[in-house]
Amino acid sequence: MRSAQADSAASRGADHWDQMDWPSLHRHVRGLQTRIAKAARDQDWRRVKALQRFLVNSYSAKALAVKRVTGNDGKRTPGVDGEVWTTPGAKWKAIQRLDSRGLRPQPLRRVYIPKRGSTTKKRPLGIPAMIDRAQQALHLQALEPVAETQADPHSYGFRRSRGTHDAINRVFTLLAREGAAPWILEGDIKGCFDHISHGWLKCHVPMDKKVLSAWLKAGFVESGKLFPTTAGTPQGGIASPTLANVALDGLEKALAERFGPTVAALNRSRVRLVRYADDFIITGTSKELLEREVKPLVEAFLAERGLELSPEKTTITHIAEGFDFLGQNVRKYGGKLLIKPSVKNVKAFLTDIRETIRVNLPAKQETLIDLLNPKIRGWANYHRHVVAKETFVWVDHYIWHALWRWARRRHPRKSRRWVRARYFRTQEFRHWVFAARARGYKDEPRTKVLFSAADVRIVRHVGVKSDANPFDPAWDDYFAQRQRTRVLQRLQNRRLLKQLWQQQDGKCLGCGQLIDESDRWHVLPVVPFQAGGTRSPTNLRMLHPTCHRRLRAAAGSLPGCAVLVHRPPSSGASSMLEPDTGPTRTSGS
Ligand SMILES: [Zn+2]
């Protein structure tokens, strides 16, 4: 009897989850966030606090928090309690559990994963329990509007609507001009995420102090033993990058007060900061200035927060020598500034490609192309705003070589001619194109072609305005327009996706939110193919995978299988830039 009751409660929960009106939940939270941001701009801290409390106790914010942590890459990785929320019933129950009173974070489950670019070295990773991740997502919704409003104007990492391209664009603007600062301090903070002082965070982060201290001292469990945490942001949590940003914000202002209180002083010193998460550069007119005045100021600023510069990795370089920043190399050649993909970045990318080709020796050609294409496209898109054409051509050539060896090794007894005929084709004016004959819908024969980096057009990126605030409605049109341009640029060479995106005005059918190129999407027919539906864009729609599943469960009318799946380039260049904070990081959902 009891279990029957529990069952029916669970299925009611499942119904609730499936029938949730996401567009209106998003609107509600967004409205509150706008008010929080406004109160923060007005410095009305009592009001900020009250609104934040209201937001984290709202049903809408709780539902969105659960949706976020069950929709990202880490959703199947349990924390120390072994829990994952896969069913609509479990997700609905999680919303009810999300109450800040009495919710004590559990310690992180510590695992070791291979270090990037190494097969033997491992690094530790803390995985929070699902409920704690959801709680972080919940409180992040209240913290972000304040953090955004107070952020340094030229900080670009882990913020809404800003990214590496904007950071690089800023570097270009600062250094390209004649008479620009010739010296650059490259800052490297020693283990930033692990060492930030808890005391500092508790005093300065504008959020619920009780919840924050509970996160910070959650500790971690390794081999069944509990270890305390005494410093650093809560690893593996979605709030972690924002907490680190809050800690590092203010450096730009401190530098400006000291070196550029007047236009004349700023012109003399040319001290400017560009920061992406914990990675930053500071420009200056002379080596001495950076060494003797700027560096000590930065050190003092960091020391307050329990941080220090790594003496080996913090260097001062002349622009003629060049420096690497965010996977790019920035250097002046005879007075002309060129930004190119850095040698280290290209090497790491090609190592990944080579590895993929190597471990897939027995795989079908079609499968290998499916594995390589998103990597190549993602990497090339990352570098498409800099001087990368030559590198693209070279990279294509290198990959071609690796594939030729792959093909030869599969058929050691066959002639070169045979191998060429089997794996390579001539397409329009190009010879030796790596292409597979594959079967498409209804077994129609089609050709799957390897993506060529050189096909990516190099275009200038327009940097984000430094005072633009995504939580201020005055900037809504500005950000919508920017996103439009970006997505359409990224979808160059993908005619169908581009058309669908425009047809739906860039919005997901399920939740009404803008679909970004960094999201996953599914493309589905409205009238199923079996019922005579066509493959023309008029019969196709795009949705987030989670929205797809939900609509399908609710209406039962959508087909289970997507015609096309768009995956963001997660293994591309951008993921190499992320600080190591765990698998649950998302770029916003
Ligand atoms: Zn959606």
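Computed from the coordinates by the stated procedures, all read-outs in this text should not be read as laboratory data. Just so it is clear, the model here is predicted, and its values are computed rather than measured. Cβ sites come from the backbone with ideal geometry, for glycine too, and all protein chains shown count toward neighbours.
Placing unit charges on each Cβ (+1 for Lys and Arg, -1 for Asp and Glu) gives segment 272-404 a dipole about its Cα centre, and among Y398, Y276, L289 the Cα reaching farthest toward its positive end belongs to Y398.
Note that the chain, at 37 °C in a medium of 0.692 mPa s, gets a Stokes-Einstein diffusion coefficient of 125 µm²/s from its Kirkwood radius over C-alpha pairs. Each of F193, A254, L500 was scored by the projection of its Cα onto the charge dipole of the chain, and the greatest displacement toward the positive side belongs to L500; charges sit on the C-beta of Lys, Arg, Asp and Glu. Modelled label positions at S24 and K347, each set 7 Å beyond Cα in the direction of Cβ, lie 5.7 nm from each other.
In the distance distribution for segment 241-371, Cα-Cα pairs more than 26 Å apart total 42 percent. Ranked for footprinting exposure by Cβ neighbours inside 10 Å, fewest first, W22, W418 give W418, W22.
This model, with +1 at the C-beta of Lys and Arg and -1 at the C-beta of Asp and Glu, gives segment 217-317 a dipole about its Cα centre of some 180 debye. Provide, for q = 0.18, 0.26, 0.29 Å⁻¹, the log10 of I(q)/I(0) from a solvent-free Debye sum over equal Cα point scatterers in segment 17-67. So the normalised log intensities are -0.56, -0.93, -1.05.
Where in the chain are the helices, taken as whole DSSP H runs, whose Cα atoms extend 18 angstrom or more along the long axis and whose Kyte-Doolittle mean reaches at least -1.0?
Numbers: long enough: 2-18 (24 Å, -1.23); 22-41 (28 Å, -0.72); 130-150 (29 Å, -0.25); 343-359 (24 Å, 0.08); 365-382 (25 Å, -0.48); 389-410 (32 Å, -0.81); 476-490 (21 Å, -1.66).
Those that pass (Cα extent of 18 Å or more, hydropathy at least -1.0) are 22-41, 130-150, 343-359, 365-382, 389-410.
If you put +1 on each Lys and Arg Cβ and -1 on each Asp and Glu Cβ, how big is the dipole of the chain around its Cα centre, in Debye rounded to 20? All intermediate terms of the calculation are to be shown ahead of the outcome.
Details: 100 positive and 55 negative charges, 494 e Å.
Using only the charged Cβ atoms, the result is roughly 2380 debye.
Across all directions, the shadow cast by the convex hull of segment 300-402 built on its C-alpha atoms averages 9.7 square nanometres.
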